[in-house]
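Readers should treat all values here as calculations from the given coordinates under stated rules, not as data from a laboratory. A quick note: this is a predicted structure, and the numbers were derived from the prediction, not measured. Here the Cβ positions follow ideal geometry from the backbone for every residue, glycine too, while neighbour counts run over all protein chains shown.
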């Protein structure tokens, strides 16, 4: 295949390749664009040079934009955010004003809208659901608290969401065709995804394990080992170069971060898991305003999520998790479903079992929240020959969708109250 053909295929993968796909992308660009533009122009919360972190929901906007975040968790994002910051400054004439915030918001909008497009493409081209179900599932996904917040937030999670949805769609195409993921594609995915959040590099290797005949042929197994090793070598060398090969700093800083973000016991673990990890990424929970300071004398207000105060959101999350588990059970022999679930279980291990950042796990949604609409898609697919069951599932899904829209709309009204009061 020529280089030109590869580029054409890549752009068809990345951008709309049909009228319906173009409509999906434009719809979310307009909706998220209006939201983000309004916030950027009228409020300072997207970027305030005095506030390095925690202005809303524990996002580190200023810190991320200026430095790319901590090197031990986001080793290569420094370079990525340098480009974004410089482009935003170019547009704003070197000032960190409303124009600067506007461009930051539109970068986020573009990344999240493309993420939604990747979900739509996966549902349409891989699962091949009826068009109406595809639209409903991407609207459901687009109304998640994570996708709403990331659509205007300059954060690592924003671009991680895009890269992971793109890679999952790409790897699903390869697995469906019984093709292997090329070495350069795997290396590029590993460096970009792992570069933004180091633990996510493991997810890049999951589809490799499901390539056809991998464990039946020494040649294929050896080739897979070579591709994984090559990816790790590229990643490690770039990581070490970023920190001037002072690798001791990685271990000391990682341990320090783990201690800081894993030893919070103010809320029962089961409630943090349901309200923050499984719930907060989809369904906004209650908000509380906290007094914050930047360690340099500036005091400000921060908005954070607390646990659900009503039994209804718990029922919502329980039903959604039952549907996801049902999908996994029905499609257990489907390697594409296994890739999604193993990736999801990896995040459950880190946040729920190892408890890293469990008390703020509602901010980590970009790492895994896309799994929900895809597994729901596979659940609908498993009953494509059963009209009665499809109707039952559609009714349940519609009820969840209506509640999600209602809840998240009301919470965003509260969010704007917070902006009007303090920003």
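Sorting the segments 2-15, 339-352, 406-419 by their mean number of nearby beta carbons within 10 angstrom, highest to lowest, gives 339-352, 406-419, 2-15. The eigenvalues of the Cα gyration tensor, multiplied by 5 and square-rooted, give segment 3-422 an equivalent ellipsoid with semi-axes of 31, 27, 22 Å from largest to smallest. Measuring r between the beta carbons of residue 230 and residue 250 and using R0 = 22 Å, the FRET efficiency lands at 0.55.
For the chain, relative contact order (Cα pairs under 8 Å, six or more residues apart, normalised by length) works out to 20 percent. The listed peptides 356-364, 31-39, 122-130, ordered by packing as a protection proxy, come out as 356-364, 122-130, 31-39 (highest mean of other Cβ atoms within 10 Å first).
Net length available on complete extension from residue 238 to residue 183 is 18.1 nm, with 0.36 nm assigned per residue and the Cα-Cα distance removed. Identify the residues of segment 73-107 with backbone N under 15 Å of a label point that sits 7 angstrom from the Cα of residue 298 along the Cα-to-Cβ direction, or state none. Taking a point 7 Å out along Cα→Cβ of residue 298, the residues of segment 73-107 whose backbone N falls under 15 Å are 96-98, 101. Between the C-alpha center of segment 116-165 and that of segment 25-82 there is a gap of 19 Å. Residue 209 to residue 82: FRET efficiency via 1/(1 + (r/R0)^6), r the Cβ-Cβ distance, R0 35 Å, to the nearest 0.05? My answer for the efficiency is 0.50.
Projected label points at residue 218 and residue 311, each 7 Å from Cα along the beta carbon direction, are separated by 6.3 nanometres.
In a fully extended conformation the segment linking residue 128 and residue 348 would gain 76.4 nm over its present Cα-Cα distance, using 0.36 nm per residue. Placing pseudo-labels 7 Å out from each Cα toward the beta carbon at residue 319 and residue 333 gives an inter-label distance of 3.2 nm. Extension gain for the segment residue 401 to residue 11, taken as residue separation times 0.36 nm less the Cα-Cα distance, is 137.2 nm to one decimal. Calculated [222 nm] ellipticity per residue, helices only, for the chain: -21000 deg cm²/dmol; basis is -39500 (n - 2.57) per DSSP H run with n ≥ 4, divided by all residues, nearest 500.
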